[in-house]
């Protein structure tokens, strides 16, 4: 088991709970898309999984362990890339390793000898087509190149869980499809568990072999749509994909 939510409740101050007695499970290696309208709690759930927010009640376990702080084995990729404007592609991509060398691989204890983690960055710069751009600054990059830099920074840390918060929403259609395909390839190669937040029905249908649909708060019961064909060659052009998108659109109108 990778992720388990047991009777989890979370709310912001003086407001309706976003999640109430919510139960959900994610198996290792699964790809999930979290879909829903703005304000339904998609990003809130992701930040709970990242250890950036904490439940009011209930349990959240990853690999059967409670989550008292952000987990070093979880990679978080955001919509706005999170790049330092004064740092080069290489320096931005190295940032995770630099932080880990200070805190240690467990996120608490610094290495006894004070040494840095052995760099696994260069293969990822090459794999993501960034090696020729390593001395460029974010202002000199396209949106797709910035997001590839954020992905390289994350994958250099060898995560087992990849959390993505609408990472491609600001990109043009061609670049978005390219990075969606790249993410699917990387998840398969690295056996990553993926949980991705999106407001796009089409993106959820492409990325998630399972889709968690959230409605207006409070969300008490997970609406789960199976999508076993996601990631297959030609799936974007298939009748199954078109019908799933129509089904999701109808469900969102009702939710």
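Taken together, the values in this text are just the output of simple stated rules run on the coordinates, not laboratory data. Not measured: the values here are computed from a predicted model. Here the Cβ is made from the backbone with ideal geometry for all residues, glycine too, and neighbour counts use every protein chain on show.
Brief remarks follow.
- Calculated log₁₀ intensity ratio I(q)/I(0) where the Debye formula runs over C-alpha points of the range 119-192, q = 0.19, 0.21, 0.26, 0.27 Å⁻¹: -0.81, -0.99, -1.44, -1.50
- Computed P(r) (all Cα pairs; the range 195-255; 10 Å bins; percent): 22, 56, 19, 3
- Among 99, 201, 151, the largest mean-square fluctuation in a Gaussian network model of the chain, built with springs joining Cα atoms closer than 10 Å, belongs to 99.
- The range 166-236 and the range 1-23 have their alpha-carbon centroids 22 Å apart.
- Stokes-Einstein translational diffusion, the range 108-255 - Kirkwood Rh over all Cα pairs, 1.002 mPa s, 20 °C, in µm²/s: 123 µm²/s
- Length gained on full extension, residue 232 to residue 99, computed as 0.36 nm times the residue gap minus the Cα-Cα distance: 44.2 nm.
- Cβ-Cβ distance of residue 15 and residue 78, R₀ of 22 Å, FRET efficiency by 1/(1 + (r/R0)^6): the value works out to about 0.40.
- Extension gain from residue 254 to residue 220, taking 0.36 nm per residue of separation minus the Cα-Cα distance: 10.7 nm
- For the pair residue 52 and residue 240, the difference between a 0.36 nm per residue extended length and the Cα-Cα distance amounts to 64.0 nm.
- Using a cutoff of 8 angstrom between alpha carbon atoms and counting only pairs six or more residues apart, the relative contact order for the chain works out to 27 percent.
- Dimensions (Å) - the chain, Cα atoms, principal axes, largest first: 52, 43, 32
- Convex hull volume of the C-alpha atoms in the range 155-215, normalised per residue: 93 Å³.
- For the chain, the antiparallel share of DSSP beta bridges with both residues in that region comes to about 45%.
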